[in-house]
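Peer 1: What follows is a single structure, and I will ask about it in a moment.
We did not get these values from a lab; they are worked out from the coordinates using the rules stated. Bear in mind that the values here come from a model prediction, so they are computed numbers and not experimental data. Cβ sites come from the backbone with ideal geometry, for glycine too, and all protein chains shown count toward neighbours.
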Amino acid sequence: MSVLFSDAMRLGSAGDGVYEGALNEHWTIGPKVHGGAMLALCANAARTELGTGDEPIAVSGNFLWAPDPGALRVITTVRKRGRRISLVDVELMQGDRVAVRAAITLGVPEHDLPPLLSTNPVVPLMTPEPPPGLEPIGPGHRMADVVHLAHGCDIRPSLTTMAPRSDGGPPVIEYWVRPRGEAPDVLFALLCGDVSAPVTFGVNRFGWAPTVQLTAFLRARPADGWLRVLCTTTQIGQEWFDEDHVVVDSAGRIVVQTRQLALVPST
């Protein structure tokens, strides 16, 4: 069974804007399909249906329930075909149930010229490659039984940043991620915008933290190499928390920014 991300993103057309795909157990967190992988599949269906060569530049997804690994059907509806901006609505289904509803905005990502202004928080904190000795998620790693994405990605979390801080400050979680056997693309960078463990680890809440809504901005096509992911939060409430990801490529460019709203684990 392939572990390549590009194979996981493959879609077959069933006509009338409907596509058939599958996400196997290599693209799960625990027993359920990973939310970022589902959004990437939605974005790929939108890009395929539009057929202009444009890339997703903004993705807004609502998660209705968590499907099991296996066959999925993606239904697309083109809402706008524009000269610079297009919009496609997407529903990702398993059986007769909608798992994700997403709005995909497509256009041309930023070119290689430097931005007019950037307050990139990642470059001062994280080196382009993982520090020597940083353990990948795999056999023997404490996260291996849950993070099955590690079959298709080389994922190296800095576990020292996940524990509650001695000064009571907010959690700051660092990851280095790249796909196995191929270079990262826009869709893989989108997946990385949902790769982190919940920031609720920083307040000793370790249970299931389902994402309710996630919005992503895709700023640029990533360069080959490691993607650096910095995960932070503004507020962890009693019921709800927010979680932000900033994804930076090997060239130091911000390629993805995400913000999600999720439910605080009970324990």
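Peer 1: Which of rounded, prolate, oblate describes region 77-150, given a ≥ b ≥ c as roots of the alpha-carbon gyration tensor eigenvalues and a/c under 1.5 marking rounded, otherwise prolate only if a/b is larger than b/c? Display every interim value, and only then the final one.
Peer 2: Details: a/c = 4.07, a/b = 1.23, b/c = 3.31.
It comes out oblate by the Cα gyration axes.
Peer 1: Quick one: 3J(HN,Hα) in Hz for region 110-118, Karplus 6.51/-1.76/1.60 with θ = phi - 60°, rounded, Gly and Pro as x.
Peer 2: Whole-Hz 3J(HN,Hα) from phi for region 110-118: 4, 7, 7, 5, x, x, 5, 7, 8.
Peer 1: Roughly how many Å is it from the Cα centre of region 164-235 to that of region 69-130, as a whole number?
Peer 2: 15
Peer 1: Which whole-Hz ³J(HN,Hα) couplings does region 252-259 yield from phi under the Karplus relation 6.51 cos²θ - 1.76 cosθ + 1.60, θ = phi - 60°, glycine and proline marked x?
Peer 2: x, 9, 5, 10, 8, 10, 9, 9
Peer 1: Shifting gears a bit: Along the charge dipole of region 17-71, Cβ charges K/R +1 and D/E -1, which of His26, Ala71, Leu50 sits furthest on the positive end?
Peer 2: The Cα lying farthest towards the positive end belongs to His26.
Peer 1: Here's a follow-up. Taking θ as phi - 60°, what are the ³J(HN,Hα) couplings along region 70-81 by the Karplus curve (6.51, -1.76, 1.60), each to the nearest whole Hz, with x for Gly and Pro?
Peer 2: Here the 3J(HN,Hα) series is x, 5, 9, 10, 10, 10, 10, 9, 6, 8, 8, 10 Hz.
Peer 1: Helix 35-50 sits at what angle to the longest principal axis of the chain, using alpha carbons and giving 0 to 90 degrees rounded to 10?
Peer 2: Taking Cα atoms only, the helix is inclined about 30 degrees.
Peer 1: Return the inverse of the average 1/r over all pairs of distinct C-alpha atoms in region 109-267, which is the Kirkwood hydrodynamic radius, in Å to one decimal.
Peer 2: Taking every pair of different Cα atoms in region 109-267, averaging 1/r and inverting gives 16.1 Å.
Peer 1: Would you work out the charge dipole size for the chain about its Cα centre, treating the Cβ of every Lys and Arg as +1 and the Cβ of every Asp and Glu as -1, and quote it to the nearest 20 debye?
Peer 2: In total the dipole reaches around 400 debye.
Peer 1: Here's another thing I want to ask about it. Quick query: amide H of Asp154 versus all other amide H atoms, modeled in the peptide plane; which residues come in under 5 Å with a sequence gap of 5 or more or a different chain?
Peer 2: Here the answer is Arg178, Arg180, since their amide H atoms fall under 5 Å of that of Asp154.
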